[in-house]
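Read through the structure below, which is laid out as structure tokens, and then see the notes.
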Number of protein chains: 2
Amino acid sequence: MSTTPTNTGDTSYSRTPRTTPTRYKDRATWEKEAIHAILDEAYVCHLGFVADGAPVVLPTVFARVGSRLYVHGSTGSRPMRGASDEQGMQVCVTVTHVDALVLTKSAFNHSVNFRSVVAHGTAYQVTDPEELDVALAALVDQVVPGRSGGIRPANPKELAATAVIRLELDEVSAKTRSDGANDDPEDADLPHWSGIVPVTTVHGTPEPYDRNIPLPAHMRRFPR
Amino acid sequence: MSTTPTNTGDTSYSRTPRTTPTRYKDRATWEKEAIHAILDEAYVCHLGFVADGAPVVLPTVFARVGSRLYVHGSTGSRPMRGASDEQGMQVCVTVTHVDALVLTKSAFNHSVNFRSVVAHGTAYQVTDPEELDVALAALVDQVVPGRSGGIRPANPKELAATAVIRLELDEVSAKTRSDGANDDPEDADLPHWSGIVPVTTVHGTPEPYDRNIPLPAHMRRFPR
């Protein structure tokens with residue numbers, strides 16, 4: 001399978017065989033704006049890599065900076081070690097939002113409304129100190145925008161214990177389903193209930209460790 | 001690396017090198033009850049497999065039946081084709097719940113409260129018609145318990161288009177963090193806000209396609 005990118009212009013990522021679905025092609029997009037929006041609403045990804053020939057999928061926090069994804073971890077962790085040499089490490093980074101259960105009259109048409117991004121490529125360890133600073137701030141700001149300005153940055157000992165890997169977004173696509181419960185016409189008269197159940201991720205009221213410290217501006221996005 | 005299971009008794013899955021974390025060992029468990037509870041609260045997993053030597057991670061619906069996980073897909077999809085021969089396909093199935101943002105005074109101690117399960121093994125295509133029936137019902141019931149009894153089951157044409165793969169739970173562990181914002185003692189007097197933000201997944205009010213069909217008992221778990 002060739003994975004040489006086919007340039008599709010500045011507003012889209014390149015389409016390759018492995019980012020082109022074989023089914024539900026209308027659910028796929030390579031548009032940067034759509035892909036970035038799905039990524040930016042998330043802070044947890046599922047990082048896939050190959051260890052001893054077998055797949056490993058681990059949940060971990062990530063950040064997007066422009067067309068780069070960053071993932072961090074302990075310097076001793078498997079993915080960080082795997083990406084630390086010049087060859088880097090082949091990864092797949094997947095981000096998924098579930099938006100609704102789609103419950104139809106037939107078992108077969110049941111589905112889930114979702115938005116997902118799948119990014120393929122080779123991850124490399126970040127060694128440039130400036131890029132490391134940017135990445136570490138972004139990893140905090142991906143969770144709560146603006147938070148990196150209101151905390152103590154990493155000290156040299158903490159920096160030495162932390163590794164960051166970079167995946168350049170290049171071979172990446174998004175897939176979404178946002179439709180209703182589509183029953184087959186021949187199922188229309190069945191007595192079974194069909195419809196959707198919306199699913200949302202809710203961030204609750206911040207619970208402070210010390211109630212004497214006022215809630216900073218960057219925390220006011222959460223309900224009070 | 002040896003992956004021969006070490007039997008740790010009936011209430012636990014066997015511990016192997018790749019299900020034994022190198023860090024935060026106290027966050028890991030191999031107890032069946034804990035692992036099953038995390039799986040049963042979910043219906044979307046991230047399925048990892050290797051294609052042309054590279055990792056692929058796709059979100060997909062799953063079901064647990066006893067100590068087996070089932071994932072389904074179109075007969076033509078990559079993971080279904082990959083698991084269709086006698087050798088099966090090496091997979092990693094990961095399920096993650098995010099429970100809270102953990103926001104500390106230092107960037108380094110930031111964390112996420114979560115519960116995750118990572119299952120390694122070889123997946124095989126289900127060919128036995130009885131097992132297939134059980135698996136397809138479970139895939140619907142994992143999303144809404146009891147729903148498989150209130151819908152039209154798959155007809156022969158739909159069955160022919162659907163493949164199901166089975167992963168025997170064996171090399172599997174859970175990892176959880178459920179602690180507060182643990183600042184370093186030397187950070188205690190810093191003026192920065194620290195604390196947690198609870199995160200929940202909320203299922204909303206069912207939106208029927210046809211309002212004349214009453215809500216069945218299995219749908220009454222959702223708010224009205």
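For the range B:58-72, putting each phi into the Karplus relation 6.51 cos²θ - 1.76 cosθ + 1.60 with θ = phi - 60° gives couplings of 10, x, 7, 6, 9, 9, 10, 10, x, 9, 10, 9, 10, 10, 10 Hz, in residue order, rounded to whole numbers and with x for Gly and Pro. Residues whose amide H comes within less than 5 Å of that of B:VAL126, counting only those at least five positions distant or on another chain, are B:VAL164, B:ILE165, B:ARG166 (H built at 1.01 Å from N in the peptide plane). Summary for B:ARG23: label point 7 Å along Cα→Cβ; distances to the equivalent points in the other copies, ascending, 3.8 nm. Restriction of the GluC sites (Glu not before Pro) in the range A:1-102 to DSSP coil positions whose beta-carbon has at most 10 other beta-carbons within 10 angstrom yields A:GLU86. Charge tally around B:SER116: other residues with Cβ under 10 Å, Lys/Arg +1 each, Asp/Glu -1 each, net +4. For the listed residue pairs A:LYS175/B:LYS175; B:LYS25/B:LYS105; A:LYS32/B:LYS157; B:LYS32/B:LYS157; A:LYS32/A:LYS157, the alpha carbons are over 27 angstrom apart in A:LYS175/B:LYS175; A:LYS32/B:LYS157; B:LYS32/B:LYS157; A:LYS32/A:LYS157. Sorted shortest first, the separations between the B:ALA37 label point and its copies elsewhere in the assembly read 3.9 nm; each point sits 7 Å from Cα along the Cα-to-Cβ line. Mean per-residue shielding of peptide B:82-95 is 2, counting Cβ atoms of other chains within 10 Å of each Cβ. Computed from backbone phi, the HN-Hα couplings of the range A:28-43 come to 9, 8, 10, 5, 4, 4, 5, 5, 5, 5, 5, 5, 6, 7, 10, 9 Hz, rounded to whole numbers (Karplus: 6.51 cos²θ - 1.76 cosθ + 1.60, θ = phi - 60°; Gly and Pro given as x). So how tilted is helix B:129-143 from the main axis of chain B? Cα-based, degrees 0 to 90, rounded to 10. Here the helix axis deviates by roughly 40 degrees. Along the range B:163-176 the Karplus relation, 6.51 cos²θ - 1.76 cosθ + 1.60 evaluated at θ = phi - 60°, assigns HN-Hα couplings of 10, 10, 10, 10, 10, 6, 5, 8, 9, 8, 9, 10, 9, 9 Hz to successive residues, with x for each Gly and Pro. Spacing of the modelled spin labels on A:THR20 and B:THR20, each 7 Å from Cα toward Cβ, amounts to 4.7 nm.
For B:PHE114, the residues 5 or more places off, or on other chains, whose built amide H falls under 5 Å of its own are B:ASP99, B:ARG177. With the label put 7 angstrom out from Cα along the Cα-to-Cβ vector, B:PHE222 ends up 2.9 nm from the copy partners, going from closest to farthest. Counting charges near A:THR205 (Lys, Arg +1; Asp, Glu -1) among other residues having Cβ under 15 Å from its Cβ returns a value of +2. Computing FRET efficiency as 1/(1 + (r/R0)^6) for B:GLU31 and B:THR201, where r is the C-beta to C-beta distance and R0 is 30 Å, gives about 0.80.
Result for chain A in a Gaussian network model with C-alpha springs under 10 Å: among A:VAL202, A:VAL98, A:VAL56, the largest mean-square fluctuation is at A:VAL202. Per residue of peptide A:153-165, the mean number of Cβ atoms on other chains within 10 Å of the residue Cβ is 2.
Considering only A:ARG115, A:ARG23, A:ARG147, the Gaussian network model of chain A with Cα springs below 10 Å gives its largest mean-square fluctuation to A:ARG23.
Placing R0 at 45 angstrom, the Cβ-Cβ distance between B:GLU86 and B:ASN212 gives a FRET efficiency of 0.35 after rounding to 0.05. For chain A, modelled as a GNM whose springs connect Cα atoms under 10 angstrom apart, the maximal fluctuation among A:VAL91, A:VAL126, A:VAL199 occurs at A:VAL199.
Bear in mind these aren't lab numbers, they're just calculated from the coordinates by the rules spelled out. Quantities reported herein were computed from a predicted structural model and do not represent experimental measurements. Methodologically, a virtual Cβ is constructed for each residue, glycine included, from the backbone with ideal geometry; neighbour enumeration extends over all protein chains shown.
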